[in-house]
Amino acid sequence: MWHRPGLTAVAVIGALALAGCGSSDSDSDAASSGTSGASGAELSVDAAYIPQPVSDSMAAGFLTITNEGDAADELTSVTSGAGEVTVHETVGGTMKEVDRLQVPAHGQLVFKSGGNHLMFEKLKRQPKQGQSVSVELHFAHSDPVTVELPVKAATYQPTDGHSGHSEESGH
């Protein structure tokens, strides 16, 4: 039941190309998990969400991995019972699938609209707003971290002012 095919096409293109300008931080109910590997990394995850996909087989996911430890780590893969998940890096407006991304010591790895993101493909069922999708983040040195990504409205934009476009803080 498509009421506005033009808007749907724009939403699909926007979601898949991830050209929107959004922030990585949010007031979401995302689970925060911490792990400390032998490497000295101290990882936690927040600001996790999935915009409700308009496609029944693809979706994008966003989150922030914070490392408060003295050693860097690397995100090496993401798994989910919902379908296949790949990690995409966006550099200069071009996105490409990558095998790993660094989580710097005393820093963050940010997945946001228009930037790095998780790409869900071959979804077993389309996630709906109000549901959540569980993923497991795998690292080079730290233990895996399980995160629940709440499904938000397709037009959801995080509210904190940490997108790099503004110096204002939401908190």
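The values are calculated or read from the model by the stated rules, or taken from the named source; none is laboratory data. Model, not experiment: these values are computed from the prediction. Here Cβ is always computed from backbone atoms with ideal geometry, including for glycine, and neighbour counts include all displayed protein chains. Side chains are part of the model used for accessible areas, which takes the heavy atoms of the whole protein and leaves out ligands, DNA and RNA. Shrake-Rupley method; radii C 1.70, N 1.55, O 1.52, S 1.80 Å.
Some observations on this one:
- Hits in segment 72-92 - residues which are part of a loop (DSSP other than H, G, I, E, B) and either free of Cβ contacts under 8 Å to residues at least 24 places away in the same chain or among the polar types (S, T, N, Q) (or both): S80, G92
- Boolean, A153 is loosely packed, with under 13 Cβ neighbours inside 10 Å and not polar (S, T, N, Q): yes
- Any chance T90 is open to solvent by less than 10 Å² (accessible area, probe 1.4 Å) and hydroxyl-bearing (S, T, Y): no
- G69 vs. criteria modelled with pLDDT of 95 or more, in a loop (DSSP other than H, G, I, E, B) and not basic (K, R): yes
- Restricting segment 35-53 to residues that are open to solvent by less than 50 Å² (accessible area, probe 1.4 Å) and over 17 Å from the mean Cα position of the chain (by Cα) leaves a set whose member that is modelled with the highest pLDDT is A41.
- Residue count for segment 101-144, restricted to those that are open to solvent by 50 Å² or more (accessible area, probe 1.4 Å) and under 16 Å from A71 (Cα atoms): 5
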